[in-house]
Amino acid sequence: MARKIAIVEDELAIAENYRDALTRQGYEVALYAERLPALEAFRQALPDLAIIDVGLGEEIEGGFDLCRELRAMAPELPIIFLTARDSEFDVVSGLRLGADDYLTKDISQPHMLARIVALFRRVDALRQPVAQAQEDVLERGPLLLNMDRMSAHWQGQRVDLTVTELWVVHCLARHPGHVKNRQQLMDAANVVLDDNTITSHVKRIRKKFQRVAPEFAAIETAYGMGYRWLMTDGD
């Protein structure tokens, strides 16, 4: 069955260009020009991936609003921003809202398609059934990661992480005390991001854990080097 991709883009010619490129790769593509029709469609049936522009018609930040609403509906749904807005502020804002990737419209079609394939590969790696009876579970003190079920728990409470965030936490928690640089985190998440983007992901991860446990401090910044998962009781 073909994967379903939703493109939310208010410039019809651009949207159709993306649709044609993705259709040639075997994807089923739906186009939406405005936030509200897209949101209504998502409430009826979620796509396998949402590609969203930031500015949607008269809504200058309609894409950001849609990402926020969609992320609340589906914490694990892959979301990519594809937009002409390339300021660092916009990139950080999009990732803080929960997008898995942020691309600008000057990206080539082969590069865009490669990023989409990489994101789906990460989703599949998390969702694929395991041959052995035991699921792929990582426990580190209060942390419980189930990579087959795409779930994270802290002190028994669910923490809603995106696909990218799950892989980042998994990379850090696998080797407590070891510093992981930004390149290693990008490799683990199978995504190409700049240093500021990795920093934004880590900040967002911390905030999500702190909503469950305000005292959460398991991710430590090793200044100039990267990040480490701190040892906890039971590690």
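The values are calculated or read from the model by the stated rules, or taken from the named source; none is laboratory data. Everything quoted here is computed from the prediction, not taken from an experiment. All Cβ positions, even for glycine, are placed from backbone atoms using ideal geometry, and neighbour counts span all protein chains on display. Keep in mind that these areas ignore ligands, DNA and RNA; they rest on the heavy atoms of the full protein, side chains included. Shrake-Rupley method; radii C 1.70, N 1.55, O 1.52, S 1.80 Å.
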Calculate, for the chain, the solvent-accessible area per residue in square angstrom, rolling a 1.4 angstrom probe over the heavy atoms of the protein chains. 49
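Over segment 67-109, with every protein chain in place, what whole percent of the accessible area is carbon and sulfur at 1.4 Å, could you tell me?
54
How much mean residue ellipticity at 222 nm does the chain get from its helices, if each DSSP H run of length 4 or more adds -39500 (n - 2.57) and you divide by all residues, to the nearest 500 deg cm²/dmol?
-13500 deg cm²/dmol
What does the highest-first list of 167-178, 84-95, 35-46 look like by mean Cβ count within 10 Å?
On the way: 167-178: 19.2, 84-95: 16.8, 35-46: 14.7.
Per-residue mean Cβ counts within 10 Å order the peptides as 167-178, 84-95, 35-46.
Would you mind checking the pairs Lys180/Lys208; Lys4/Lys203; Lys4/Lys105 and listing those with alpha carbons more than 23 angstrom apart?
Working: Lys180/Lys208 20 Å; Lys4/Lys203 30 Å; Lys4/Lys105 21 Å.
The pairs that break the limit, which is 23 Å between Cα atoms, are Lys4/Lys203.
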Check which residues have an amide H placed less than 5 Å from Leu103's amide H, if you skip close sequence neighbours. Phe81, Leu82, Thr83
Between the Cα axis of helix 62-73 and the main Cα principal axis of the chain, the angle (0 to 90°, nearest 10) is 50
Between Gln109 and Asp148, 0.36 nm times their residue separation minus their Cα-Cα distance comes to what? 10.9 nm
Spin-label point model (7 Å from Cα, Cβ direction): what's the Arg43 to Ala125 distance in nm? 3.6
Please label the shape of segment 142-232 as rounded, prolate or oblate, based on the square roots a ≥ b ≥ c of the eigenvalues of the alpha-carbon gyration tensor (a/c under 1.5 means rounded; beyond that, a/b larger than b/c means prolate, else oblate). prolate
Using the Karplus curve 6.51 cos²θ - 1.76 cosθ + 1.60 with θ = phi - 60°, work out ³J(HN,Hα) for each residue of segment 81-89 in order, rounded to whole Hz, and write x for Gly and Pro. 8, 10, 8, 7, 7, 10, 6, 4, 4
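If you take the square roots of the eigenvalues of the alpha-carbon gyration tensor of segment 1-118 and sort them as a ≥ b ≥ c, do you get rounded (a/c under 1.5), prolate (a/b over b/c) or oblate? Intermediate results must be reported in sequence, preceding the final value.
Values: a/c = 1.31, a/b = 1.10, b/c = 1.19.
Since a/c stays below 1.5, the shape of segment 1-118 is classed as rounded.
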Between (1) 56, 41, 30; (2) 54, 48, 33; (3) 61, 41, 31, which entry matches Cα extents along the principal axes in Å as derived from the coordinates of this structure? (1)
